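Before any comments, here is the structure.
The values are calculated or read from the model by the stated rules, or taken from the named source; none is laboratory data. Because the structure is predicted, anything quoted here is derived from the model rather than measured. Here Cβ is always computed from backbone atoms with ideal geometry, including for glycine, and neighbour counts include all displayed protein chains.
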Amino acid sequence: MTQDELKQAVAQAALRHVVEGAVIGVGTGSTVNFFIDALAGMRGKVRAAVSSSERSTERLRAHGIEVLDLNQVEHIPVYVDGADEIDPAGAMIKGGGGALTREKILAEAAERFVCIVDSSKLVPVLGAFPLPVEVVPMARELVRRRLRDFGGDPRLREGFVTDNGNQILDVHGLRIEHPAELESRLNQIPGVVTVGLFARRGADLALVGGADGVSQREFD
Ligand code: 5RP
């Protein structure tokens with residue numbers, strides 16, 4: 001199976017977790033794009049979506065799925081999103097697509113986070129994938145110096161502006177043994193908008209596409 005076929009299989013499997021008649025939270029990325037396309041088949045059964053990026057919003061609307069502003073929505077039973085890495089406890093690195101801030105907001109707002117990945121995203125320890133950190137542009141160099149104190153090599157994502165008008169530093173060379181602790185510490189640096197570590201609010205369920213089909217992992 002190709003990687004796209006694995007992504008398509010988990011996207012399809014995620015449909016079983018969509019709550020009919022409710023608002024669905026929708027993330028960003030190539031795996032989520034397959035999910036959005038699959039969701040189009042359930043159009044009449046989903047009340048509406050809230051989305052973590054302009055890209056996903058556009059794709060949802062192109063399929064005729066209504067997209068609401070989060071401020072209009074009180075209850076999101078399920079949020080479906082991908083990840084760049086996920087560890088055995090359900091902690092993730094996200095933000096490869098640059099949508100980490102809105103993704104973190106939707107993850108917080110939702111009752112249940114269903115993470116859809118192919119098996120290449122499973123790692124024993126987070127950090128081989130460079131950790132994205134969204135920063136307020138005027139604080140970029142200050143944040144970069146502070147991030148170096150954590151042992152990483154922060155590199156500016158060239159030519160990229162987030163949906164919130166900010167920049168991204170991708171931090172290379174970290175080995176993240178204690179993701180929740182690092183997430184809290186990095187969150188304290190003035191100028192950091194969002195850290196792409198999703199450990200304090202990790203996944204509740206991972207659907208993993210592999211050579212033997214889609215497997216499921218529940219996290220506490
Ligand atoms: C976007 C994300 C994505 O979930 C992550 O980058 C995975 O993307 P893909 O499904 O394309 O591998 O965090 O900000």
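Which one of Ser30, Ser56 is of a type in the set (S, T, N, Q), modelled with pLDDT of 95 or more, surrounded by fewer than 22 Cβ atoms within 10 Å (Cβ to Cβ) and closer than 30 Å to Leu131 by Cβ?
Every option except Ser30 fails the conditions.
Restricting the search to the range 36-47, which residues are touching a helix residue (DSSP H, G or I) at 6+ places or on another chain (Cβ under 9 Å) and either not charged (D, E, K, R) or not assigned by TED's automatic domain parsing to the domain that holds Gly25 (or both)?
Selection gives Ile36, Ala38, Leu39, Ala40, Gly41, Met42, Val46.
Output the residue which, of all residues in the range 82-96 that are more than 10 Å from the ligand (Cβ to nearest atom) and of a type in the set (Gly, Ala, Ser), is farthest from Ser30 (Cα to Cα).
Ala89
Where residues in the range 108-132 are among the small types (Gly, Ala, Ser) and under 25 Å from Asp4 (Cβ atoms), which of them is farthest from the ligand (Cβ to nearest atom)?
Across the range 108-132, the extreme among qualifying residues is Ala128.
Which one of Ile24, Ile86, Ile105, Ile76 is under 17 Å from Asp204 (Cβ atoms), touching a residue at least 12 places away in the same chain (Cβ under 8 Å) and surrounded by fewer than 17 Cβ atoms within 10 Å (Cβ to Cβ)?
Ile105
If we keep just the residues of the range 145-156 that are basic (Lys, Arg) and within 21 Å of Pro179 (Cβ to Cβ), which is nearest to the chain's Cα centre (by Cα)?
Of everything passing the filter in the range 145-156, Arg155 is nearest to the chain's Cα centre (by Cα).
Conditions tested, residue by residue: (1) out of contact with any helix residue (DSSP H, G or I) (no Cβ under 6 Å at 6 or more places or on another chain); (2) outside any strand (DSSP E or B); (3) not assigned by TED's automatic domain parsing to the domain that holds Leu70.
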position: Gly95; (1), (2), (3): yes, yes, no
position: Thr101; (1), (2), (3): yes, yes, no
position: Val117; (1), (2), (3): yes, no, no
position: Ala139; (1), (2), (3): yes, yes, yes
position: Gly151; (1), (2), (3): yes, yes, yes
position: Gly165; (1), (2), (3): yes, yes, yes
position: Leu174; (1), (2), (3): yes, yes, yes
position: Pro190; (1), (2), (3): yes, yes, yes
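All but one of (1) in a strand (DSSP E or B); (2) under 20 Å from Ala107 (Cα atoms); (3) charged (D, E, K, R) hold for Arg185; state the number of the condition that does not hold.
Against the list (1) in a strand (DSSP E or B); (2) under 20 Å from Ala107 (Cα atoms); (3) charged (D, E, K, R), Arg185 comes up short only on (1).
Collect the residues in the range 186-212 that are surrounded by fewer than 14 Cβ atoms within 10 Å (Cβ to Cβ) and either in contact with a strand residue (DSSP E or B) (Cβ under 9 Å, 6 or more places away or on another chain) or farther than 15 Å from Leu122 by Cβ (or both), keeping them in residue-number order.
Gln188, Pro190
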